[in-house]
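Here, each number is a calculation from the coordinates, and none is a lab measurement. Note that this is a predicted model, so its numbers are computed, not measured. Ideal geometry is used to build each Cβ from the backbone, glycine not excepted, and the neighbour counts take in all protein chains shown.
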Amino acid sequence: MSRRRTFGDAGQAFPVYITVVGGLLFLAFAYLAVGQAAANRNGAQTAADAAALAAAQDTRDQLAGMWLDDVRDPAKWQDILDGNVPGLGPSCWRADELAAQNDAHVEACTPTDPLGYTVDVETDKPVGDSIVPGTEDKYAKASATAVIESRCTFDLPGEDAGDGDGNEVLPLPQLSCEDRNWDPDPEDPSTLPDPEDLFDVHLAD
């Protein structure tokens, strides 16, 4: 009698065991699907961040080039440092490049005020098959904004500056760029700041 009861208890426990194991497997696959989606979103955000920064850095480099071209005319410096100058070329092509390097593509690239770019991207690869319906065709999207800010200030010389003979002379002012001062001398490249010295490029908060 006791042996029959033992076999009967075992038979009753087996379906419960199958149900518990099935539930655990379902939870494991569900967590895997969530992890896949999170990884896809993280990849999209990385691509958006890199794309926005690349576009902003391209514009920064253009502005730094303009400053070097007009280094002898400090009256033009402030407009260049503010990004308030004509002739800037498009920079969104750099966003396209960086998004592609991160397995994504740019859906929108928009100049911002203050100076910078907002870039929207979508991943090239879907989340993939999972127990969650529709994930095989689900693509992650993300957006990022990068801004360009001048790191430097300066004071223009007074209007009464001269060479002692009545001739107006406007010496190049000193640039104060956060942790360093520069005394630009067009004849000495070591005295001319690099683009990253003139401008800070960072993701917006």
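Across the stretch 75-87, in residue order, what do the Karplus-derived ³J(HN,Hα) couplings come to in whole Hz, using 6.51 cos²θ - 1.76 cosθ + 1.60 with θ = phi - 60° and x for Gly and Pro?
5, 9, 4, 4, 4, 5, 5, 7, x, 9, 9, x, x
By per-residue mean of other Cβ atoms within 10 Å, what is the highest-first order of 60-67, 44-51, 192-199?
Values: 60-67: 19.8, 44-51: 24.1, 192-199: 17.8.
For the peptides 60-67, 44-51, 192-199, the packing ranking is 44-51, 60-67, 192-199.
Which of the lysines could a cross-linker span from Lys125 if the Cα-Cα distance has to be under 23 Å and same-chain partners fewer than 8 positions apart are dropped?
Cα-Cα hits under 23 Å: Lys138, Lys141.
Would you please state which residues of the stretch 68-93 a label at Asp183 would reach in this model, taking the label point 7 Å out along Cα→Cβ and a backbone N cut-off of under 20 Å?
Correct set: 71-75.
Could you order the peptides 98-104, 173-179 from most to least packed, using the average number of other C-beta atoms within 10 Å per residue? All intermediate terms of the calculation are to be shown ahead of the outcome.
Details: 98-104: 19.9, 173-179: 14.7.
Packing proxy ranking, top to bottom: 98-104, 173-179.
Mind listing the long-range amide H neighbours of Thr112? Cut-off is under 5 Å, sequence gap 5 or more, other chains count too, H placed in the peptide plane at 1.01 Å from N.
Tyr117, Thr118
Under 5 Å between amide H atoms, partner at least 5 residues away or on a different chain: which partners does Gln174 have, H built in plane at 1.01 Å?
Asp155
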